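The values are calculated or read from the model by the stated rules, or taken from the named source; none is laboratory data. Only a predicted model underlies this, so the values are computations on that prediction, with no experimental measurement involved. Neighbour counts are summed over all protein chains in view; Cβ atoms, including those assigned to glycine, are modelled from backbone coordinates with ideal geometry. Heads up: the accessible areas ignore ligands, DNA and RNA and are worked out on the full protein's heavy atoms, side chains in. Shrake-Rupley method; radii C 1.70, N 1.55, O 1.52, S 1.80 Å.
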Amino acid sequence: QVQLVESGGGLVQAGASLRLSCAASGRLYHMGWFRQAPGKEREFVAAISWTGSHTDYADSVKGRFTISRDNAKNTVYLQMNSLIPEDTAVYYCAARPSYSGDFSREYDYDYWGQGTQVTVSS
């Protein structure tokens, strides 16, 4: 059983930065970040292959967010810069053992963290 523990969320003003962390147990997986805003469906944010050689981003965060990983610590990071109120959501870390060519499909992820709240005020 894989355990994923997110941290780093908080309340910030628009234009600020935050870095989310997701510590995983067990083997290395392809990892993704998703988010869910109040009243909306959960959506894909970013993903990274287990080697770190391939990344993918939602259009809404390209150029502002960067996903990375430290395999020695089995930890994935999401650096979020130039935050806007629309980024307000609960952010979830997720893990998947295989890659089918599309990182954005929620149902391909087998393991999920508990989520961390990010609130961006205007």
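For the reader, a short list of remarks on this structure follows.
- In the stretch 54-71, the condition of being of a type outside the set (Gly, Ala, Ser), assigned to a strand (DSSP E or B), out of contact with any helix residue (DSSP H, G or I) (no Cβ under 8 Å at 6 or more places or on another chain) and within 20 Å of residue 121 (Cα to Cα) is met by at least one residue.
- Of all residues in the stretch 64-92 being small (Gly, Ala, Ser) and touching a residue at least 12 places away in the same chain (Cβ under 8 Å), the one that is farthest from residue 118 (Cα to Cα): 68
- Within the stretch 100-115, no residue satisfies the criterion of being open to solvent by less than 20 Å² (accessible area, probe 1.4 Å) and either in a strand (DSSP E or B) or free of Cβ contacts under 8 Å to residues at least 60 places away in the same chain (or both).
- Residue 47 of a type in the set (A, V, I, L, M), in a strand (DSSP E or B) and closer than 23 Å to residue 3 by Cα: yes
- Selection within the stretch 72-86 - assigned to a strand (DSSP E or B) and either open to solvent by 50 Å² or more (accessible area, probe 1.4 Å) or within 16 Å of residue 35 (Cα to Cα) (or both): 76, 77, 78, 79, 80
- Some residue of the stretch 71-83 being closer than 24 Å to residue 2 by Cα, over 10 Å from the mean Cα position of the chain (by Cα) and small (Gly, Ala, Ser): yes
- Complete set of residues in the stretch 3-15 that are open to solvent by 40 Å² or more (accessible area, probe 1.4 Å) and either outside any strand (DSSP E or B) or among the aromatic types (Phe, Trp, Tyr) (or both): 3, 14, 15
- Inter-residue pairs, beta-carbon under 7 Å, first within 21 Å of residue 74 (Cβ to Cβ) and assigned to a loop (DSSP other than H, G, I, E, B) and in the stretch 16-44, second open to solvent by less than 50 Å² (accessible area, probe 1.4 Å) and among the small types (Gly, Ala, Ser), 6+ apart: 29/95
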